[in-house]
Amino acid sequence: LHISLQSKETMNLKEAYWPENPGKHLTFGEAEKNKTDYRLDDNIKPSSYVINLQPDFGNFTFYGEVMITISASSPTNTITLHYNIMNITETTLLDKENNKTLNTNNTSDESKNFYIITAEEDLNADVNYYLNIKYVGYLINNSNIFYRSKCFENYVAAFTWLASTQFESTGARRAFPCFDEPKFKATFQINILRDGSRTSLSNAPLVETKQVDKVGSLFMDVFEVTPVMSSYLVAFVVSDFTRVNLTDEENNRTYSVWTQPELIDDANFALNISVQLINSMVEFTDFDFEFHKMDQAAIPDFSAGAMENWGLVTYRERLILVNHEKASVENEKQVATTISHEFGHQWFGDLVSPEWWKYIWLNEGFATYMEYFGVHTVKPEWRLDEQFVVDVIQNALAVDGVNSSHPITTDVYTPDEISSNFDNIIYDKAGSVLRSTEHFLTTDTFKKALQNYLKI
């Protein structure tokens, strides 16, 4: 996740906002007493998801169905997972081993985003069950979920709608019921039903497109199964974007940058430097990139800045597009470092993820380090290894010297506490600590240690 930290207010850690009661604040100690209320039980774990989605741009809803393969580590009749602001229409729990559908009683705790399924009998330990949920969600004009956005045609009044996602940190539950904590990793197979005027993208490569009606107005895009990953990294975009693409035949990878048609010429800088950055990071980490494709999409009103969804990185337009007739070197640096930050996450955050959000510095600290030193390997003339001292270390010293500072590992429990944890300490101080570690270990030892860390 790449955000404008200079404009982000730092939370007073003595207070924790309680999201279901606007206006009510609890002390940090009171929030700690309730920390288990927001965490899922470890007993039920997902191993795979199959997700079917159909966005409806006429009434700004989407129709969804998710089938989750789950298992219990000990017998239980209760399954609790996350959902938020959706209408669940049908829930089915199947004991696949015995080909038996279990009767369930389903309730919810909306204050904690919990969907609670109570089966008529216990689930056996270490046996796979299929949990199938049908639902209707909403394409709200809010860039922290599966949301709608406008694409203006040639910057005039006419516009078309697109749907995109931004799930970090607790937004996936708005798009599909899921175990929405980073430690509950699983595979995801995405299918998107769309009209013929749009295309769809997701994390994994497209397998096939099926025509589902006789007149050719509806198509189903079927995507490959992802590697095991956290729910917040799932992504999809449904739009009328066009792309520029490039195939790295030597490494069997295809790169694409998607944007509004009238901006397509501005995507070439990002496309070319992306190939160099991925190859540089593969060499640095000694760990190949998991996908044979890398999609990047320029979203018109993307508030987060950029998001490291595995295999499908999304950006604010100005952080990936470069107009060579007007852009300065600083513009190119900003785009290159943003891409390098998100590509760093493809290993540090996507491949290796924190168990919980208190350790988010393991994502953002490494990405901040790669933001500068990744670009330095392909553009040494910019001297970003030296600029790191001014841009990152000095900023970290400034924010770490005030009363609102906190450790880079900070306990967080509620969704709002999690969001507030993405601050300068997590990015700049953590990145500075990693650079210091490199300096006292030496670069070669640091690299070998990181390579081992990724392979554990």
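The values are calculated or read from the model by the stated rules, or taken from the named source; none is laboratory data. This one's a predicted model, so the numbers in the text were calculated from it and none came from an experiment. A quick note on method: Cβ atoms are made from the backbone with ideal geometry, for glycine too, and the neighbour counts reach across all protein chains shown. Each accessible area value is taken on the protein alone, full model and side chains, heavy atoms only, with ligands, DNA and RNA left out. Shrake-Rupley method; radii C 1.70, N 1.55, O 1.52, S 1.80 Å.
Descriptive notes on the structure:
- Single residue of region 152-182 satisfying the filter (touching a Lys or Arg at 6+ places or on another chain (Cβ under 8 Å), open to solvent by 10 Å² or more (accessible area, probe 1.4 Å) and of a type outside the set (Val, Ile, Thr)) that is modelled with the highest pLDDT: Trp161
- Lone qualifier among Ile418, Ile393 - being in contact (Cβ under 8 Å) with a residue 60 or more places away in the chain and in a helix (DSSP H, G or I): Ile418
- Candidate set: region 59-84, residues that are open to solvent by less than 40 Å² (accessible area, probe 1.4 Å) and more than 23 Å from the chain's Cα centre (by Cα); chosen: the one farthest from Val228 (Cα to Cα): Thr76
- Looking only at residues of region 247-265 that are closer than 20 Å to Ile299 by Cα and over 20 Å from the mean Cα position of the chain (by Cα), we find that the one that is surrounded by the most Cβ atoms within 10 Å (Cβ to Cβ) is Gln260.
- Complete set of residues in region 353-367 that are buried (at least 22 other Cβ atoms within 10 Å of the Cβ), part of a helix (DSSP H, G or I) and hydrophobic (A, V, I, L, M, F, W, C): Trp357, Trp361, Phe366, Ala367
- Tallying residues that are of a type in the set (S, T, N, Q), touching a Lys or Arg at 6+ places or on another chain (Cβ under 7 Å) and farther than 22 Å from Asp56 by Cα within region 183-233 yields 1.
- Qualifying residues in region 90-102 (those that are surrounded by 13 or more Cβ atoms within 10 Å (Cβ to Cβ) and under 32 Å from the mean Cα position of the chain (by Cα)) - the one farthest from Ala72 (Cα to Cα): Thr91
- Pairs with Cβ under 6 Å, 6+ apart, first in region 115-134 and within 18 Å of Tyr49 (Cα to Cα), second outside any strand (DSSP E or B) and open to solvent by 70 Å² or more (accessible area, probe 1.4 Å): Val127/Glu97; Asn128/Lys96; Tyr130/Lys96
- Filter pass, Ile192 being over 27 Å from Trp356 (Cβ atoms), surrounded by 15 or more Cβ atoms within 10 Å (Cβ to Cβ), at pLDDT 95 or above and touching a strand residue (DSSP E or B) at 6+ places or on another chain (Cβ under 6 Å): yes
- Taking each residue of region 199-212 that is open to solvent by less than 50 Å² (accessible area, probe 1.4 Å) and looking for partners that are aliphatic (A, V, I, L, M) and assigned to a strand (DSSP E or B) with beta-carbon atoms closer than 6 Å, six or more apart or interchain, yields Ser200/Ile192; Ser200/Val238; Leu201/Val237; Leu201/Leu312; Ser202/Ile190; Asn203/Leu312.
- Options Asn268, Asn279; residue that is surrounded by 17 or more Cβ atoms within 10 Å (Cβ to Cβ) and either among the aliphatic types (A, V, I, L, M) or part of a helix (DSSP H, G or I) (or both): Asn279
- Tyr49 falls short on exactly one of the conditions (1) aromatic (Phe, Trp, Tyr); (2) modelled with pLDDT of 95 or more; (3) more than 30 Å from Leu201 (Cα to Cα), and that condition is (3).
- Within region 282-308, restricting attention to residues that are of a type in the set (Asp, Glu) and part of a loop (DSSP other than H, G, I, E, B), the residue that is nearest to Thr377 (Cα to Cα) is Asp286.
- The one condition in (1) at pLDDT below 95; (2) closer than 21 Å to Leu201 by Cβ; (3) not β-branched (Val, Ile, Thr) that Ala298 fails to fulfil: (1)
- Tally of residues being part of a loop (DSSP other than H, G, I, E, B), in contact with a Phe, Trp or Tyr (Cβ under 7 Å, 6 or more places away or on another chain) and closer than 18 Å to Met229 by Cα across region 182-204: 4
- The residues on offer are Asn87, Asn113, Asn105, and the sole one that is within 25 Å of Thr61 (Cβ to Cβ), loosely packed, with under 13 Cβ neighbours inside 10 Å and at pLDDT 95 or above is Asn87.
- Residue in region 225-243 that is open to solvent by 10 Å² or more (accessible area, probe 1.4 Å), within 22 Å of Ile339 (Cα to Cα) and either part of a helix (DSSP H, G or I) or touching a helix residue (DSSP H, G or I) at 6+ places or on another chain (Cβ under 6 Å) (or both) present: yes
- Residue in region 332-347 that is over 18 Å from Val237 (Cα atoms), buried (at least 17 other Cβ atoms within 10 Å of the Cβ) and among the aromatic types (Phe, Trp, Tyr) present: yes
- Residue list for region 413-448, filter: open to solvent by 50 Å² or more (accessible area, probe 1.4 Å) and touching a Ser or Thr at 6+ places or on another chain (Cβ under 9 Å): Ser419, Lys429
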